[in-house]
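Presented below is the structure to which this report refers.
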Amino acid sequence: MRRVVARTAVVLALALVAACSGAPQAPAPLTQEQAERLAVVRFRNNEAGVREVAASVTGPDGVLEAELTGWVDFTRQVGYAHVGGTEGTGGLVTWSTTTLAHRDGAVTAGLPPLPPPEDGWASAALDPAASPVSLVLGLFLSLTADRPENPQLLAQSSAAWLGDEVVDGEDVELFRGPGNAAAPDVLADERLRYAVASDGTLVRLDAELGGGRSARLDLGPASPTSLDFLVAGP
């Protein structure tokens, strides 16, 4: 009898650990409430304006390839960040939906300097297909909209609820994005996993970039930092 009780206790303990570990759950259709929460994710970013952001790109071998720390103005769709890692030279970047400016240099810990240096910048078109980092930059700017999405359409799409998790001490729900045939394969929503707070604020985005690479985008609270200097470029 004692052995049976002991085995039962072990099974219950393991079940409790699995339930609390944030282990992946089977995708489930969205409830109306969940669809409404997912529908405002991009709109919440637009409302927030500037948010502090960070991102990392991991290669197929699990090795960190690049890191990014900075700000994104989701209303104006511009960003400014430090970028460093094994993929190319580190330095500063500013970007919009169409252009990318890079300034080589040593990458220091923390946020990039304000105001940014005035010289040493080289500009080009932003091409998300050019590199994983360029793809992440474009992905950040895709996370905004001036109005909520249609929750009824989201509930009827391939979007799904994936479970609950804790991110940096905050309770979030995990969602798989809806399929989007109009998006390039590399940015298709079904390869995105959204970690969303109870008010619809996006806390984290995990993305499969293709070729075994993945990216994690973390978004902080709204920031008073102004990126108005990026309207005219660095």
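Nothing in this text is a laboratory measurement; each read-out follows from the coordinates by a stated rule. Worth saying up front: this structure is predicted, and the values here are computed from it rather than measured. Virtual Cβ from ideal backbone geometry, glycine too; neighbours counted across all protein chains shown.
The stretch between Thr108 and Asp206, if pulled fully straight at 0.36 nm per residue, gains 32.8 nm over its current Cα-Cα span.
Placing dummy labels 7 Å off each Cα toward the beta-carbon, the span from Asn150 to Thr225 is 3.7 nm. Spin-label model, Ala130 to Thr31: label points 7 Å out along the Cα-to-beta-carbon direction sit 4.5 nm apart. Residue exposure proxy: Asp206, Asp127, ordered by other Cβ atoms within 10 angstrom of their Cβ from fewest to most, comes out as Asp127, Asp206.
Here the label points at Val166 and Asp61, each 7 Å from Cα along the C-beta direction, are separated by 3.5 nm in the simple model. With only Cα atoms counted, the stretch 25-231 has Rg and Dmax values of 16.7, 52 Å. Computed from the Cβ-Cβ distance with R0 of 45 Å, the FRET efficiency linking Ser158 to Thr99 stands at 0.85.
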